[in-house]
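Since the structure comes first, as structure tokens, the remarks are kept for the end.
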Amino acid sequence: MFMGKSLEILASKIKQERRLLGISQEELSSLAGLGHTHIGRIERLEHDPKTGTIDKIARALKVEPYTLLK
């Protein structure tokens, strides 16, 4: 779905928002209803998340999904 620079931006924004909330990758995974390694794989650019996953992460971070993509 995302490639190259877009995936890098997404991963960076997730990490940034997660750190602002002071939560770990595992905590965010749990809040988003994802597997415990899911966020780490996205942040390391090892996984290209689907739109539904981005929505779950955004809700867990209390941001709009589009903010993770710009």
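The values are calculated or read from the model by the stated rules, or taken from the named source; none is laboratory data. From a predicted model like this one, the values you see are computed outputs, not experimental measurements. When the accessible area is computed, the model is the full protein with side chains, heavy atoms only, and any ligands, DNA or RNA have been set aside. Shrake-Rupley method; radii C 1.70, N 1.55, O 1.52, S 1.80 Å.
Taking a probe of 1.4 Å, how large is the accessible area per residue of the chain, in Å²?
Details: 4350 Å² over 70 residues.
Value for the chain: 62 Å² per residue.
If you work out P(r) over Cα pairs in 10 Å bins from 0, in percent from the coordinates, which of (1) 23, 64, 12; (2) 22, 58, 17, 4, 0; (3) 21, 51, 24, 4, 0 do you get?
Here P(r) over Cα pairs in 10 Å bins from 0, in percent agrees with entry (1).
For K56, what accessible surface area do you get with a 1.4 Å probe? Give it in Å², rounded to 10.
Only protein atoms counted, so the area is about 80 Å².
Relative to the longest principal axis of the C-alpha atoms of the chain, give the angle of the C-alpha long axis of helix 4-21, reported between 0 and 90° and rounded to the nearest 10°.
Helix 4-21 and the main axis of the chain meet at about 20 degrees.
Given a 1.4 angstrom probe, I'd like the percentage of the accessible area of the chain that is carbon and sulfur, rounded to a whole number.
52
Helix 51-61: angle to the longest alpha-carbon principal axis of the chain, degrees 0 to 90, nearest 10?
40
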